[in-house]
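> Provided herewith is a single structure, encoded as structure tokens, for subsequent inquiry.
The values are calculated or read from the model by the stated rules, or taken from the named source; none is laboratory data. This is a predicted model, so every value here is computed, not measured. So basically every Cβ, Gly included, is an ideal-geometry build from the backbone, and we count neighbours across all protein chains shown.
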Amino acid sequence: MVSDLPEHFFRVKENGALVFRVDTENRQRRIEMDQIATVNIRNGEVKPHGDRRLSEEDMAAITAWMAERNALLMARDVDDILRTVDHLNLTTHWVQSRATEAQLDSVTDTLLLAMHDLRSVLVRKKADRLMKGE
């Protein structure tokens, strides 16, 4: 099992990760993790930890992780939006079938403003895409 461990471990944080080199080649056969860098996924910055120099293998692993992480985050964004569509449909059904007048009074204005704002942005973005296509 110990031999199946990756050479690098990425402790995810809000805007990137801390990068550790995984070491199992010691006398006690314990897993040791040595922090080697900090990664900022938003701006692509990789900062070596302390006075460390990152090897080509380290940089290749970090670059690959960043690409995979960005792809995952983009997929999650789309999934979140598709879930929002589901919630909007569920909200429509709730409004039509179960909502009381008091409940509708408490949510109508907020929903209408949010939907108006969303519609305005979507229409503007679609118009921009159509204009670029001409």
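> Take the residues in the range 45-74 that are basic (Lys, Arg) and more than 19 Å from the chain's Cα centre (by Cα), then tell me which one is nearest to Gln35 (Cα to Cα). Full working, then the answer.
Initially, the range 45-74 is screened for residues basic (Lys, Arg), giving 47, 52-53, 69.
Checking which are more than 19 Å from the chain's Cα centre (by Cα) leaves us with 47, 52-53.
Working: Lys47: 11, Arg52: 10, Arg53: 12 Å.
The qualifying residue nearest to Gln35 (Cα to Cα) is Arg52.
> From the list Thr84, Thr100, Thr108, which one is at pLDDT 95 or above, surrounded by fewer than 11 Cβ atoms within 10 Å (Cβ to Cβ) and among the polar types (S, T, N, Q)? Before the answer, list the steps.
Details: Thr84 fails: surrounded by fewer than 11 Cβ atoms within 10 Å (Cβ to Cβ); Thr108 fails: surrounded by fewer than 11 Cβ atoms within 10 Å (Cβ to Cβ).
The match here is Thr100.
> OK, next. Please work out which residue is surrounded by the most Cβ atoms within 10 Å (Cβ to Cβ), limiting yourself to the range 16-40 and to residues that are in contact (Cβ under 8 Å) with a residue 24 or more places away in the chain and over 16 Å from Asp51 (Cα atoms).
Among those that are in contact (Cβ under 8 Å) with a residue 24 or more places away in the chain and over 16 Å from Asp51 (Cα atoms), it is Gly16.
> Do we find a residue being within 30 Å of His116 (Cβ to Cβ) and either surrounded by 13 or more Cβ atoms within 10 Å (Cβ to Cβ) or out of contact with any helix residue (DSSP H, G or I) (no Cβ under 6 Å at 6 or more places or on another chain) (or both) anywhere in the range 66-74?
Looking through the range 66-74, at least one residue is within 30 Å of His116 (Cβ to Cβ) and either surrounded by 13 or more Cβ atoms within 10 Å (Cβ to Cβ) or out of contact with any helix residue (DSSP H, G or I) (no Cβ under 6 Å at 6 or more places or on another chain) (or both).
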